[in-house]
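The structure appears right after this line, and notes come after that.
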Amino acid sequence: MTEKHRYSGSCHCGDVTFEVQCANDIEVDECNCSICKKSGYLHLIVPKRDFQLLSGESNLACYTFNTKVAKHYFCRTCGIKSFYIPRSNPDGVSVNARCLDDPAPNLKIVSFDGAHWEEHAHKLAHKSK
């Protein structure tokens, strides 16, 4: 079993803070779907048990579109989406690796074709297990 490490993160203004547990050697997905492409989001998908919101819950707004399954949470003050519940992994949380205070030392960025989500979503299903 891979040892998990705890990483902290936040939105830009620091109102929304969180912790996430994951391996030191992590793979994040750079998606080319319409919302990720425009926001520069890097997906670190973890099981819900490995994510803890520490502060700012009352300052979160939720944005949904299309199927309304994904829940995109962003800070009402600074507008940063530091995490969300992804459609591909509704049993997990996708943390924006760009919002980690000190990213994992071995961060590997891989491309994900979210522009053709229906064809490729199955490639992400294992990440929240």
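The values are calculated or read from the model by the stated rules, or taken from the named source; none is laboratory data. Bear in mind that the values here come from a model prediction, so they are computed numbers and not experimental data. Please note: Cβ atoms are built from the backbone with ideal geometry, for glycine as well, and neighbour counts cover all protein chains shown.
Annotations
- Condition check for Gly79: within 27 Å of Lys123 (Cβ to Cβ), loosely packed, with under 13 Cβ neighbours inside 10 Å and of a type in the set (Gly, Ala, Ser): no
- Leading residue by the ranking (surrounded by the most Cβ atoms within 10 Å (Cβ to Cβ)) among those in the range 1-48 that are of a type in the set (Asp, Glu) and within 15 Å of the chain's Cα centre (by Cα): Asp29
- Per the listing Ser88, Ser82, Ser39, Ser10, the residue uniquely closer than 24 Å to Gly114 by Cα, touching a residue at least 12 places away in the same chain (Cβ under 8 Å), touching a strand residue (DSSP E or B) at 6+ places or on another chain (Cβ under 7 Å) and of a type outside the set (Phe, Trp, Tyr) is Ser82.
- Annotation note: Cβ proximity below 6 Å between a residue of the range 49-78 that is part of a helix (DSSP H, G or I) and a residue that is among the polar types (S, T, N, Q) (sequence gap 6+ or interchain) occurs for Asp50/Gln21.
- Subset of the range 73-90 that is at pLDDT 95 or above and in contact with a Phe, Trp or Tyr (Cβ under 9 Å, 6 or more places away or on another chain) - its residue that is farthest from Gly9 (Cα to Cα): Ile85
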